[in-house]
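The values are calculated or read from the model by the stated rules, or taken from the named source; none is laboratory data. Quick caveat: nothing in here was measured; it's all calculated off a predicted structure. Note that we place each Cβ from the backbone using ideal geometry, even for glycine, and neighbour counts take in every protein chain shown.
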Amino acid sequence: MNHDLFKNSTVNGVSFKFNKIIKPLKILLTNNKAKVGFIILAGMIIFGVLGQFFAPYNPNRYEFVRSMPPSYSHLLGTTVYGQDVFSQLFYGAAPTLLVGFSVGIIGTFISIFVGISAGFASERINNIVTGIINIFLIIPGVLLIMLFGSYFLGIHQSLGYLPTILILVITGWAFGARTFRSITLSIAKRDFILSSMLIGESRLGIIFRQIIRAIFPVIISNFFFTAMYGTMGLTFVEYLGVGNLLQVNWGTMLYWAINNEAYLTGLWWWILPPSFMISILMFSFILLNFGMDEIGNPSLRRFNSKKNKKGDLNEHPEN
Amino acid sequence: MIPYKYIFKKSIAFLVVLYGAITLNFLLPRLLPGNPAEIVYLAIIKQGGGSINPIYVHQLESEYGISNAPMYSQYFQYLIDLLHGNLGVSIAFFPDPVSSILAGALPWTLYLVITSIVISFFIGNRLGRYAGINRNTFKDLFVDLFSMFMASFPAFVLAFIMLDIFSVDSGIFPLGGAYSSSVNIGFNLPFIISAVYHSFLPILTIILTSIGGWVLGMRNNIIPNVNSDFITFSQNLGLKKEQINRIAYRNAILPNLTGFSMSIGLSVSGVIIEESIFSYPGVGLYMITAIGSLDYPLLQGIFLMVIISVLVGNLIVDILYGFFDPRIKQEGE
């Protein structure tokens, strides 16, 4: 790996900040898996942004000939309600991505906070927090989703995007917290943390300047994992029928296609495109997740050994 | 050689979490917006033709807190009902108590979960070992891509595709149910064959969607082991390649075993969804009905029973882990 790539050669403050933003991206591109995943994800984001402006028809209009197979004017045909499938797919990309990313970002923040404070706190607090993390890991997420969702349905409300994100964060943050806790535990025992403590650096300083920096690839990897959970969770919420089914996203598209038995009546152009797009999106998240794992864990790398491993994490994340 | 201390610690944790789950089940309907009790109340009056059996009123009071009794006495009433196995009366399947519905459904769900998770764990770890040992070769790439692709497919979409291909179009597998109506329920060969035949497709689908995590996890666990010093040492001793791989594998499987107990919850989520698609008479099928008809007593019963099953599963796996991991064994003695 070319470490010179990351060396900061600029002197003025502005470009230094710029470098800080660019650096994680450069790290991403040093790994093949992450590179492919990044390219797919970037394509998805562009697709999602364009979809907000350039969808050929209004995705909510019910005015076309019903169940039309793909043609030039309707690239992916129409639904049994007479909606244009391509417009729905195009327009629904952004909400799907946004839910995934929001769950990824919020969930990762919570898991960093919980995981690092548990790993860096006293033994007793560590045990208590570990217990809480395990409870959230054990409870099957679908059960909580269905319980909350049905209570919302009971008061004639469906889960909009915000409650959906909230539920998915509640059920999805614990995976990351567990990883961060065990990594922090192993880092906190290292010499460089001890020397920082002896110098007199504050706890917060150590957490932000040393630990977060050391586990940065793991944080990014975890973000992609949680975002994957979020996107998959959105499709579950919609599939169970507790979401707001008038919203257009890939989850609701699947819900309507499945509930009208598109797979039995041969309307493949209705059910396959959203399935395919979700799979590709998931695939890119998984690639990025594992790519970042390889970046953070040098022993998994393709060309490694013999170079110095100082400051790298080569511990197992398990404890 | 039994790690008593470890088992004791795990059992205490189990009881604490179990108590937490039971309390959560009590608090949820009281904390959430809206008043589920009112809905349940009206639904039961409608079902009962205007009049309401005092027994149900009593149950509603204990479950949803519509009585004016203080919270703590409601809570004790709830705990006592629970100890008697009294989970209320279902609305969707009206006169049936929730506990009898669950008694019929839960065994099928447990059967699906246990079978699929064990097979998936076993095959996944072997595949991961294969990929990790042959890393950076074409075989590794193929296994990795396959696992990633399977993990990226929404489980229920795969289930629908399987159902369409193997049941609807070709009729190789049945469309639903857990056994055919012509066999006698009990421990006899035709019943077992019928049950296995009916569960084949759901189990295959769950395995396909859950195997990716094991493969990739195992691969990433075994690679650092293959590179480590004790493997170099074994090589220098002149051990055969197969023996060396086995050493690396045994070392790498420990983190995956901890993952096993964590994955039970995820697995149950998957199974619940698959059951509703394959019309398999487990709790998932009842759950979809319960959501549709806002059957809160049934939903809460499912919630509680599934969590208890998952917790018990976790406890068993954790205790077994204590026997596998020599570090815990030593600590516990």
Residue in the stretch B:131-138 that is part of a helix (DSSP H, G or I), touching a residue at least 12 places away in the same chain (Cβ under 8 Å) and more than 10 Å from chain A (Cβ to nearest Cβ) present: yes
Qualifying residue in the stretch B:117-129 (condition: within 14 Å of another protein chain (Cβ to nearest Cβ), in contact (Cβ under 8 Å) with a residue 24 or more places away in the chain and either assigned to a helix (DSSP H, G or I) or crowded, with 17+ Cβ neighbours inside 10 Å (or both)): yes
Filter pass, B:Val157 being surrounded by 21 or more Cβ atoms within 10 Å (Cβ to Cβ) and touching a strand residue (DSSP E or B) at 6+ places or on another chain (Cβ under 8 Å): no
The lone exception for A:Pro140 - which of (1) within 14 Å of another protein chain (Cβ to nearest Cβ); (2) surrounded by 17 or more Cβ atoms within 10 Å (Cβ to Cβ); (3) in contact (Cβ under 8 Å) with a residue 24 or more places away in the chain; (4) closer than 26 Å to B:Ser293 by Cβ it fails: (3)
Residue match in the stretch A:101-119 (condition: away from chain B (no Cβ under 14 Å), in a helix (DSSP H, G or I), surrounded by fewer than 22 Cβ atoms within 10 Å (Cβ to Cβ) and free of Cβ contacts under 8 Å to residues at least 12 places away in the same chain): yes
Residue check for B:Ile114: surrounded by fewer than 16 Cβ atoms within 10 Å (Cβ to Cβ) and among the β-branched types (Val, Ile, Thr): yes
Lone qualifier among B:Leu82, B:Leu60 - being at pLDDT 75 or above and either away from chain A (no Cβ under 14 Å) or buried (at least 19 other Cβ atoms within 10 Å of the Cβ) (or both): B:Leu82
Test: residue in the stretch B:192-209 that is under 25 Å from the mean Cα position of the chain (by Cα) and at the interface with another protein chain (Cβ under 9 Å from one of its Cβ atoms): no
Test result for B:Val143, loosely packed, with under 14 Cβ neighbours inside 10 Å, part of a helix (DSSP H, G or I) and away from chain A (no Cβ under 12 Å): no
Per-region count, the stretch A:262-294, residues aliphatic (A, V, I, L, M), more than 9 Å from chain B (Cβ to nearest Cβ), surrounded by 21 or more Cβ atoms within 10 Å (Cβ to Cβ) and in contact with a Leu (Cβ under 8 Å, 6 or more places away or on another chain): 2
Residue among B:Leu285, B:Leu299 that alone is of a type in the set (A, V, I, L, M, F, W, C) and more than 8 Å from chain A (Cβ to nearest Cβ): B:Leu285
From the options A:Ile155, A:Ile132, residue that is closer than 21 Å to B:Met287 by Cβ, aliphatic (A, V, I, L, M) and surrounded by fewer than 18 Cβ atoms within 10 Å (Cβ to Cβ): A:Ile155
Qualifying residue in the stretch A:85-99 (condition: in contact (Cβ under 8 Å) with a residue 12 or more places away in the chain, within 14 Å of another protein chain (Cβ to nearest Cβ), over 17 Å from A:Asn222 (Cβ atoms) and not in a helix (DSSP H, G or I)): no
Exclusive hit being within 14 Å of chain A (Cβ to nearest Cβ), surrounded by fewer than 19 Cβ atoms within 10 Å (Cβ to Cβ) and within 21 Å of B:Leu141 (Cα to Cα), set B:Asn227, B:Asn251: B:Asn227
Count of residues meeting criterion [in a helix (DSSP H, G or I) and either away from chain B (no Cβ under 13 Å) or under 28 Å from B:Ser293 (Cα atoms) (or both)] in the stretch A:143-180: 25
Filtered residues of the stretch B:245-279 (kept if small (Gly, Ala, Ser) and either under 11 Å from the mean Cα position of the chain (by Cα) or not in a helix (DSSP H, G or I) (or both)): B:Ser261, B:Ser263, B:Gly265, B:Ser267, B:Ser269, B:Gly270, B:Ser279
Meets criteria (more than 24 Å from B:Leu304 (Cβ to Cβ), surrounded by fewer than 24 Cβ atoms within 10 Å (Cβ to Cβ) and out of contact with any helix residue (DSSP H, G or I) (no Cβ under 6 Å at 6 or more places or on another chain)) for A:Ile125: yes
Unmet requirement for B:Phe187, which otherwise passes all of (1) under 21 Å from B:Ala155 (Cβ atoms); (2) of a type in the set (A, V, I, L, M, F, W, C); (3) at pLDDT below 85: (1)
Per-region count, the stretch A:240-258, residues of a type in the set (A, V, I, L, M, F, W, C), closer than 22 Å to B:Glu274 by Cβ and either touching a residue at least 40 places away in the same chain (Cβ under 8 Å) or more than 9 Å from every other protein chain (Cβ to nearest Cβ) (or both): 7
